[in-house]
There are 2 protein chains.
Amino acid sequence: MVSPVNAPTAAILVIGEEVLTAKVVDENSPYLLKELRKLGVSTRRVEVIPDVVEIIADRVRSARLAFDHVFTSGGVGPTHDDVTIAGVAAAFDVPVVRSQAMEKTIRELCAKDFHERDLRMADVPEGAELIYGEGVHQSPWPVTAKGNVYCLPGVPSILRRKFALLRDRLTASPFFGRVIYSREGEGAIAHLLDQTVAAYPDISIGSYPHLDRLDHKVMITLDGRDEPRLEAAATHLVGLLGNAVTRVE
Amino acid sequence: MVSPVNAPTAAILVIGEEVLTAKVVDENSPYLLKELRKLGVSTRRVEVIPDVVEIIADRVRSARLAFDHVFTSGGVGPTHDDVTIAGVAAAFDVPVVRSQAMEKTIRELCAKDFHERDLRMADVPEGAELIYGEGVHQSPWPVTAKGNVYCLPGVPSILRRKFALLRDRLTASPFFGRVIYSREGEGAIAHLLDQTVAAYPDISIGSYPHLDRLDHKVMITLDGRDEPRLEAAATHLVGLLGNAVTRVE
C-alpha cells in the first residue's frame with residue numbers, strides 16, 4: 001500500500017486512560033480521521049496512550065518529527081490526570097509557562113465559578129501559539145499549538161468545535177476514490193490486484209473481504225490525488241476483473 | 001494515573017490502511033479493550049498503523065518487548081496488502097515459512113473454491129505456535145502466535161471467534177471499579193482528587209467532565225485489583241467531596 005504522493009501527513013495521539021480501560025469508546029480519532037481525510041491530509045498513525053508525562057513526551061516527539069501535523073486529544077483540564085501540556089513541552093525540551101492571555105480569559109469566562117486550579121488550563125509549552133480561529137470559527141478559548149502539535153480537548157463536542165479553528169490552515173489538495181465490488185473471493189483475484197498495483201504505483205489499492213453480503217465477496221478501494229490516473233487504474237482493474245465486477249462506485 | 005500493580009499488560013496493533021483512510025471505523029480495538037479488561041489484562045497501548053512491513057515490524061518489536069501480550073488485527077488474508085505475518089516475522093528476526101499443517105487445512109476447507117494464492121494464509125513466522133483452542137472454542141483454523149504476539153484477522157466477526165480461542169490463556173485476576181459523580185466541576189474538586197491520589201497510590205483515579213448532564217458535572221472513576229483498598233479509597237474520596245456527591249456506582 002503506497003501513501004499518496006505529496007499529501008501532508010498527520011498523526012493522532014489519544015491521551016486516554018479512560019479509553020485504555022474500556023470506560024469509553026474513543027470517538028475523537030474516528031472524527032479526526034474523517035475530517036482530515038476530507039481536508040486532504042493523510043493520517044499515518046493513531047495511538048491511544050495513558051496519562052503519563054514520559055510516555056506522552058516520547059510519542060509526541062516521535063510523531064512531530066515523522067509527520068506534518070500532530071493532534072493530541074485529552075488531558076488538558078485542571079485535574080491531576082491532565083498532563084498533556086507537560087508531555088508536549090517535554091517533547092520539545094521546553095518548560096511549561098503560564099500564558100497571561102489565557103489566564104485573563106479563564107478569569108473572565110469562569111468568573112462566577114472560578115477556582116485557582118482552573119488556571120492550570122492557562123499553562124502552555126514555552127513558545128506555544130494560541131489559535132483563535134477566524135470569521136465564524138472564532139473562539140475566545142484558543143487551541144494551544146506548539147510547533148506542529150495541536151492540543152485538543154478530550155470531550156468530543158468541544159474537540160469538534162476546537163478543530164474548526166484549525167481547518168483553514170490544514171486544507172490541502174483533495175483525495176479521489178473509487179470502490180469496486182467483486183463477486184469472486186480474494187484468492188481468485190489477488191493476482192489481478194497485484195498487476196494493477198504494479199502498473200499504478202501512485203494509486204493506493206485496498207482489498208477487504210466482506211463475508212455477509214449477498215452480491216459481493218470483496219470490496220476493493222482505489223485512492224489517489226490525480227483523478228485521471230485514478231480513473232485509469234480503476235478502468236484497468238475493472239477490465240482485468242471482467243465478470244467478477246458487480247458494481248463500481 | 002498509576003497502572004494497577006501486577007496486572008498483565010497488553011498492546012493492540014490495528015494494521016489498517018482502511019481505518020487510517022477513514023473508510024471504516026475500527027471496531028476491533030474497542031472490542032479487544034473491553035474483553036481484555038474483563039479478563040484482568042491491562043491494555044497500555046493501542047496503535048493504528050498502515051500495511052507496511054517495516055512499520056509493522058518496528059511497532060511489533062517495540063510492543064513485544066514492552067508488554068506481556070500483543071494483539072495484531074488485520075493484514076492476514078491472501079492479497080498484496082496482507083503483510084502482517086512478514087512484519088511480525090521481521091520483528092522477531094526470523095523468516096516466514098509455510099506451515100504444512102495450515103496448508104493441509106486450507107486445501108481441505110477451501111477445496112471447492114481453492115486458489116494457489118490462498119496458501120499465503122499458511123505462511124507463518126518461523127517457530128510460530130498454532131492455537132486451535134479447547135472445548136467449545138476449538139477451531140480447525142488456528143490463531144497464529146509468535147512468542148507473545150497473537151495475529152488476529154481484521155474482519156470483526158472472525159476476530160471475535162478467533163479471540164475466543166485465546167481466552168483461557170489470558171485470564172488474570174480481575175479489576176474492581178467504583179464511579180463517583182460530582183455536582184461540582186473539576187476546578188472545585190481537583191485538590192480533593194489530589195489528596196486521594198496521594199493517599200492511595202495503588203488505585204487508578206480518573207476524572208472526566210460531563211458537560212451535558214443535569215445531575216453531575218464530573219464522573220470520577222476508581223480502579224484497582226484489591227477490593228478492600230478500592231472501597232477504602234472510594235470512602236475516603238466520598239468523605240472529602242461531601243455534598244458534592246450526587247451518587248456512587
What net charge do the residues around B:Tyr150 carry, taking every other residue with its C-beta under 14 Å from that of B:Tyr150, with Lys and Arg at +1 and Asp and Glu at -1? +3
Mean separation of Cα contacts under 8 Å, 6 or more apart, over the residue count of region B:75-187: relative contact order %: 23 percent
Filter chain A for me: DSSP H helices, axial length by Cα at least 18 angstrom, mean Kyte-Doolittle hydropathy not below -0.5. List them by residue number. A:53-66, A:186-199, A:227-241
Please check: in the Gaussian network model of chain B (C-alpha springs, under 10 Å), which one of B:Gly177, B:Gly40, B:Gly206 has the largest mean-square fluctuation. B:Gly206
Minimum Cβ-to-axis distance in chain B for the rotation onto chain A, with residue, whole Å: B:Glu47, 2
For region A:21-85, give the magnitude of the charge dipole about the Cα centre (Cβ charges: +1 Lys/Arg, -1 Asp/Glu; no others), in debye to the nearest 20. 400 debye
How big is the protein assembly as shown on each of its three principal axes, counting only the C-alpha atoms and giving the largest first in Å? 71, 56, 40
Using a label position 7 Å from Cα in the Cα→Cβ direction, what is the ascending list of nm distances from A:Ala172 to the same site in the other copies? 3.8
Given an 8 Å cut-off on Cα distances and at least 6 residues of separation, report the relative contact order of chain A as a percent. 19 percent
Among A:Gly40, A:Thr235, B:Ala66, pick out the residue whose Cα is farthest towards the positive end of the charge dipole of the protein assembly as shown, where Lys and Arg carry +1 and Asp and Glu carry -1 on C-beta, about the Cα centre. A:Thr235
Per 10 Å bin, what percent of the C-alpha pairs of region B:51-124 does each bin hold, from zero upward? 20, 44, 27, 8, 0
Under the convention of a label 7 Å out along Cα→Cβ, give the distances in nm from B:Asn243 to the same position in every other copy, shortest first. 8.0
Roughly what percent of Cα-Cα pairs across region A:1-90 reach past 24 Å? 20 percent
Among the DSSP beta bridges whose two residues both lie in the protein assembly as shown, what percent are antiparallel, rounded to the nearest 5? 60 percent
Mind putting a number on the dipole of chain B about its Cα centre? Charges go on the C-beta only, +1 for Lys and Arg and -1 for Asp and Glu, and I need it in Debye to the nearest 20. 420 debye
Run the numbers on region A:1-65 and let me know its relative contact order in percent, using alpha-carbon pairs under 8 Å that are six or more apart. 45 percent
Compute the distance in nm between two label points, each set 7 Å from the Cα along the Cα-to-Cβ direction, one at A:Leu130 and one at B:Lys34. 4.1 nm
Between A:Ala164 and B:Val24, take the C-beta separation as r, use R0 = 30 Å, and let me know the FRET efficiency to the nearest 0.05. 0.75
Give me the extension gain from B:Leu240 to B:Asp58: residue separation times 0.36 nm, minus the current Cα-Cα distance, reported in nm with one decimal. 60.9 nm
Setting aside same-chain residues fewer than 8 positions from B:Lys112, which lysines have a Cα under 19 Å from its Cα? A:Lys217, B:Lys104
At B:Val94, label 7 Å along Cα→Cβ: distances to the other copies, nm, ascending? 4.7
Near the amide H of A:Val76, under 5 Å away, which other amide H atoms are found, from residues 5 or more places off or on another chain, if H is placed in the peptide plane? A:Gly154
Could you calculate the FRET efficiency of B:Val96 with A:Ala232 from 1/(1 + (r/R0)^6), where r is the beta carbon distance between them and R0 is 35 Å, rounded to 0.05? 0.55
What's the ranking of A:131-138, B:15-22 by average number of surrounding C-beta atoms within 10 Å, highest first? B:15-22, A:131-138
Would you mind getting me the FRET efficiency between B:Asp202 and B:Leu109? Use the beta-carbon distance for r and R0 = 60 Å, nearest 0.05. 0.80
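Each reported figure results from applying straightforward, stated rules to the coordinates on display, with no laboratory input. Note that the coordinates shown come from a computational prediction; the quantities given were computed from them, not determined experimentally. Methodologically, a virtual Cβ is constructed for each residue, glycine included, from the backbone with ideal geometry; neighbour enumeration extends over all protein chains shown.
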